[in-house]
Amino acid sequence: MAAARLPSLRLSLGRKFLLVFAALAVVGLSNWLVVGSMLAQLRGATSLVNLVGSIRWTSQRIQLDLARLAAGKSSQAEIRQGLGRLDEMIRSLSDGGNATGFEVREPAATLGPSSAPLQRILLDYRADVLAALDDIQAGRDPDRALDSLFGRGNEMLNRADAAAAALSQPIGQVERDAAFGLYFLALLDIAILAAALLAIRAWIVQPLRKLMLTSRRFAGGEYHVRTQIDAADEIGDLARTFDRMAGDIQHDMSRTAGNLREIEKSQALLRKVLETLPVGVWVTDGGGRVVLENPAGQRLRAGAEAAGTAGSGKGQDGRAGGGKRIGHGESALERALAGGEATLGEIIEIRGVDGHHRTVLHSTAPLVGPRGEIEGAIVVNEDITERRKAVEELRVSKELFQTTFDSAAVGMALYDLSGRFLLANGALREMLGFGEDELLRMNLRELAHADDQAKDDDLAHRVLDGALSRYAVEKRLHRRDGGVVWVMLSVALVRDREQAPLYFIGQMIDISPRKAMEQELIASRARLRELAAYHDSVREEERKRIALEIHDELGQLLTALKMDISLLRMQFGADPDVGRRTNDMRELVEKTIGVVRQVAANLRPAALNLGIGAALEWLVEDFGQRTGIAYELDFSGGEIALDDLRATAIFRIVQESLTNVMRHAAAASVAVGLRRDGAALRLEIRDDGRGFDYQATRHGPSFGLLGIRERVRGLGGTLDVDSGPGRGTLVSICIPHPTEHAA
């Protein structure tokens with residue numbers, strides 16, 4: 001059966017006959033090859049015998065020509081011609097006879113030992129001929145060379161005779177092998193012909209006989225018989241067709257016997273279906289009288305019968321869907337019985353005995369007989385009063401939703417899970433400048449700004465995964481005119497009863513004016529920071545100038561005054577009253593000089609001119625001396641070269657931090673560290689004081705921290721404060737630091 005199913009493996013009658021003819025062709029080809037091989041062997045052996053004879057004649061001819069040449073009766077050309085023929089015979093012995101046009105195939109192992117020595121003797125004989133020829137040409141006595149030549153020639157002739165004699169036995173063996181091969185081929189031909197006849201009998205004759213016998217039995221009434229022929233040819237196809245036909249006939253006969261039972265079951269099933277149907281079903285005869293009716297139809301007809309619906313047509317009240325009363329001859333049943341008209345889904349209203357109106361979905365179809373006559377009709381009525389009421393309520397609800405949706409002052413849209421708009425209200429269309437048809441062909445992703453899309457996608461995925469119930473995000477949308485509008489997008493996911501996601505509903509509020517105010521406020525803050533930084537720079541420069549003037553001008557004057565007082569003391573030292581007053585004046589001047597130095601140091605520490613390390617060391621030591629708080633200074637990274645702007649800013653940050661520690665921390669120790677951290681500077685001020693709530697002070701009147709924050713921001717750095725009640729404070733500052741310092 002597999003061969004019958006695969007056309008490429010199908011062995012048809014034509015292919016079978018082709019196989020038989022191919023076998024016969026193989027027999028003929030093998031006969032031709034075997035006979036040809038035998039003839040070639042005989043021809044090769046015979047050619048070698050002829051070659052030996054040619055060697056004898058050529059050698060004798062050369063000897064005769066040499067003798068005549070010695071006597072002066074011949075020429076060298078004849079001898080050279082004989083040597084050419086001798087060379088061809090030598091090549092024939094070495095390559096199988098091709099040089100002379102014969103293909104010598106050795107028939108037995110005895111030919112090799114005979115031809116090889118003969119070939120060597122021929123080469124020696126040729127050399128002797130050339131030697132004798134040289135002696136004759138040189139005028140020497142040729143007798144010796146001729147004697148050697150004749151002796152070598154006699155030996156060669158004996159070898160040639162021996163080779164010819166050695167071929168007699170192989171030739172006879174070839175003849176016997178040829179006879180045996182012919183007998184074997186005859187037997188093989190007979191066997192193949194017999195196999196071909198048996199194949200024809202098995203493939204064709206026997207299947208046809210079996211098919212004929214099965215057909216006779218089936219015609220005699222044995223409907224269960226089958227051919228059981230599984231051939232892959234045309235006979236097999238015919239047999240399988242016969243088996244299928246027989247099976248179909250047998251199946252039809254058994255099916256016909258069971259049709260009556262199936263009809264009875266169908267009728268019982270139809271009655272059960274009619275009884276369970278929630279719609280009223282009637283079957284009428286040609287006069288409109290009901291001949292079959294289900295319980296739902298009985299209840300509907302008894303409760304409220306529409307004019308012309310079924311039966312005699314007498315009803316309480318019957319009106320079409322538009323409120324027009326159904327007159328005589330206008331009912332669907334009457335039209336079906338009179339003209340064969342089918343009515344589907346006609347809505348009519350009926351009034352029952354209780355006075356209430358009901359809405360009925362009415363359908364009628366004529367029952368046409370075999371000759372085209374109308375035998376009756378089938379009527380289906382479905383009470384759709386409650387359904388129609390629900391549809392009306394749904395319509396009102398939808399209209400209310402649509403009105404609310406369209407009248408909303410903010411932009412609203414429904415879009416599917418991929419972002420394609422399903423519905424958009426007028427406020428959104430006005431906000432974006434698109435028409436309704438244009439917007440419904442677009443995707444929310446097409447309108448979103450590229451920088452905002454990643455955040456929006458992440459929030460939408462979290463809502464789909466159930467991590468969020470809704471989300472709100474500020475984003476930018478492209479308007480139709482090419483502009484950009486900022487919106488506050490609030491999104492919620494609508495799911496069905498099984499919690500499967502259906503679509504998103506989004507509300508969009510235009511916040512472009514607010515964003516413009518924010519941008520303006522940010523710009524204003526940036527300008528204020530720039531102004532504050534400028535004021536700090538100006539203040540530092542002014543402090544530096546004042547400190548220099550105080551140090552240079554006032555300091556020099558006070559020093560001069562001190563020197564004058566010392567001279568005055570030396571001049572009037574003998575007077576005790578003057579000495580006492582000059583001492584008081586000298587002490588007062590020294591105190592004034594100390595105050596001047598302190599004021600100058602506070603305005604601009606001279607240590608800053610020596611580098612940030614020296615300035616911080618002076619600042620921390622001065623802090624420890626004034627407060628009595630233990631201190632520690634860490635420059636683990638070595639000296640750091642900074643420009644004046646960064647050095648002054650870091651100095652003021654540390655100064656403000658130490659001032660806060662002194663005023664508020666009640667600390668026992670403080671540590672200050674400055675080091676390189678990659679391409680940045682890291683400054684840390686740590687104390688073990690009472691700590692504070694940093695988040696609370698971020699929005700309070702903490703001007704010290706505010707000043708530190710603004711200085712850090714002005715340098716492009718970051719500020720981190722780690723503190724808490726009872727656990728001290730760590731102020732960590734990271735400031736970008738150029739790799740090389742420019743003076």
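Ligands, DNA and RNA are left out, and with a 1.4 angstrom probe the accessible area of the range 360-471 is 58 Å² per residue.
Length gained on full extension, Val494 to Gln250, computed as 0.36 nm times the residue gap minus the Cα-Cα distance: 81.7 nm. Reported to the nearest whole Å, the Cα centre-to-centre distance from the range 211-236 to the range 365-426 is 63. Provide the net charge surrounding Ile505, with neighbours chosen by a C-beta distance below 13 Å and charges set as Lys +1, Arg +1, Asp -1, Glu -1. Neighbourhood net charge equals +1.
Computed over the range 408-526, the Cα gyration tensor eigenvalues convert (square root of 5λ each) into semi-axes of 25, 18, 12 Å, ordered from largest to smallest. Hey, with R₀ at 30 Å, roughly what FRET efficiency would Ile374 and Leu260 work out to, going by the Cβ-Cβ distance, to 0.05? With a Förster radius of 30 Å, E is 0.60.
The slack in the chain from Leu277 to Leu182, taken as 0.36 nm per residue of separation less the alpha-carbon distance, amounts to 24.9 nm.
Near Ala365: Cβ cut-off under 14 Å, other residues only, Lys/Arg at +1 and Asp/Glu at -1. The net charge is -3. Taking all Cα pairs closer than 8 Å and separated by 6 or more residues, the relative contact order of the range 353-395 comes to 38 percent. Computing FRET efficiency as 1/(1 + (r/R0)^6) for Asp575 and Glu621, where r is the C-beta to C-beta distance and R0 is 60 Å, gives about 0.90.
For every other residue with a beta carbon closer than 12 angstrom to the beta carbon of Arg217, add +1 if it is Lys or Arg and -1 if Asp or Glu, then tell me the sum. It works out to a net charge of +2. Within the accessible surface of the range 344-499, defined with a 1.4 Å probe on protein heavy atoms only, the carbon and sulfur portion equals 52 percent.
Solvent-accessible area per residue in the range 181-236 equals 65 Å², computed with a 1.4 angstrom probe and all protein chains kept.
The values are calculated or read from the model by the stated rules, or taken from the named source; none is laboratory data. Quick caveat: nothing in here was measured; it's all calculated off a predicted structure. Please note: Cβ atoms are built from the backbone with ideal geometry, for glycine as well, and neighbour counts cover all protein chains shown. Note: areas computed on protein heavy atoms with side chains; ligands, DNA, RNA excluded. Shrake-Rupley method; radii C 1.70, N 1.55, O 1.52, S 1.80 Å.
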